[in-house]
Amino acid sequence: MSTISTSSTERASRSLSGASSLVQHGAALVFGVMILFAVGFLPMSFAHNAAHDTRHSFVFPCH
Amino acid sequence: MFRSLIFSACLIGVVLGLTLTAIQSFGVTPILLSAEQFEVAEQPDANHHAGESTDAHHHEHGAQTAHHHDEPAAPGHHEVSEAHEAGGHHHDANAWSPADGAERVLFTALSNVLAGIGFAAILLVLMNVLRERGLLKPTPLTGLTFGIAGFLAIFVAPSIGLPPEIPGMNAAALESRQYWWLFTVVAAAVGLGFLFLAPRWRKLFGLPFLVVPYLWIPAHPAGPRFANTDPAAVSALTELHQQFIWASGLSNLAFWLLAGILCALAVKRLSGKSYGHADAPA
């Protein structure tokens, strides 16, 4: 994985927006995890039956 | 930023989900449908699904295949559907399920798109955080690397302990496998993160994360591998299972490589934007 050098001004602006960046990235992460939980793990039968082939394809534990 | 991430994830998820649906139609879906021909209801004397709680496990393929398929039934099929009618198992035959054919494909495509959106959102967040910290330059090549890491963490790592399964296989309790799956995937992702990103000897911190999940794997119940114990069915299912491991492996690899490239391109585009707008809050 390659690295890129960052200037001090970039670093300063990053720390300013750091908190907001953390919240926004965290929210996007939660969004992704919740969708995956619904597709792959919800135990209700309609969720299981609707997403059955997807669960098998991704090797989510099923049945 | 949040809005851009979610928008990109949705767009990428639609592309990924539809691509996966197309790839599945060649390998995964025909195998699943063939395996369902052999699905049986639970025998009272078998230790099939031992310890599995009934509310966590409802599906009606056994019932559905017993009544809907016109093809000659597998040997042993009839006795089994009689066992089902006698209430010998806990599959919820009244639960809604998409009808085989267009409806089932439609719901599978929809679930694939949702899974694509979910995985893309996580990949985009990881890549963008690493980019912001100067640890990642989003290019198609780093995207491919991420795709391979995703394939290793989400498909290969759990499959080492719990190989891909076709319908009608006996397995350990669903919940313990789900917890193990989650733990293994997270541990593998952390382990690979160390291996790829940590400097020099600190890469070694990744090894325990890659090994620990296999110290305990939810054991398969003793006894037959498949719920249908007819010898002809077992040999057909064994063959289907081998094919399924390859089919699901290859379709997952294609999914993850495409996911990695698309997410890298999206992060590159986002980074171009954020320099212009100073990361305006969404």
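Read-outs: derived from the displayed coordinates by stated rules, not from any lab. Everything numeric here is computed off the predicted structure, so don't read it as measured data. Cβ: placed from backbone, ideal geometry, glycine included. Neighbour counts: every protein chain shown.
Among the residues of the stretch B:233-248, those that are under 10 Å from B:PRO164 (Cβ atoms) and surrounded by 18 or more Cβ atoms within 10 Å (Cβ to Cβ) comprise B:HIS241, B:PHE244, B:ALA247, B:SER248.
Within the stretch B:164-174, can one find any residue that is in a helix (DSSP H, G or I) and either of a type outside the set (A, V, I, L, M) or over 30 Å from B:MET127 (Cβ atoms) (or both)? Checked the stretch B:164-174: at least one residue is in a helix (DSSP H, G or I) and either of a type outside the set (A, V, I, L, M) or over 30 Å from B:MET127 (Cβ atoms) (or both).
Take the stretch B:158-171 and flag every residue that is of a type in the set (Gly, Ala, Ser) and more than 9 Å from chain A (Cβ to nearest Cβ).
Start the filter on the stretch B:158-171 by keeping residues that are of a type in the set (Gly, Ala, Ser), which leaves B:159, B:161, B:168, B:171.
Correct list: B:GLY161 only.
Tell me which residues, restricted to the stretch B:98-157, are in contact (Cβ under 8 Å) with a residue 40 or more places away in the chain, over 22 Å from B:SER8 (Cα atoms) and either at the interface with chain A (Cβ under 8 Å from one of its Cβ atoms) or crowded, with 21+ Cβ neighbours inside 10 Å (or both). Of everything in the stretch B:98-157, those that are in contact (Cβ under 8 Å) with a residue 40 or more places away in the chain, over 22 Å from B:SER8 (Cα atoms) and either at the interface with chain A (Cβ under 8 Å from one of its Cβ atoms) or crowded, with 21+ Cβ neighbours inside 10 Å (or both) turn out to be B:PHE155, B:ALA157. As a summary of the residue check, B:GLY118 satisfies the conditions (1) over 20 Å from the mean Cα position of the chain (by Cα); (2) in a helix (DSSP H, G or I); (3) under 26 Å from A:GLY18 (Cα atoms) except for the one numbered (1).
Once the stretch A:39-63 is narrowed to residues that are aliphatic (A, V, I, L, M) and more than 7 Å from chain B (Cβ to nearest Cβ), the residue that is nearest to B:SER159 (Cα to Cα) is A:LEU42. Of all residues in the stretch B:211-249, those satisfying the criterion of being within 19 Å of the chain's Cα centre (by Cα), assigned to a helix (DSSP H, G or I) and of a type outside the set (Gly, Ala, Ser) are B:PRO213, B:TYR214, B:LEU240, B:HIS241, B:GLN242, B:GLN243, B:PHE244, B:ILE245, B:TRP246.
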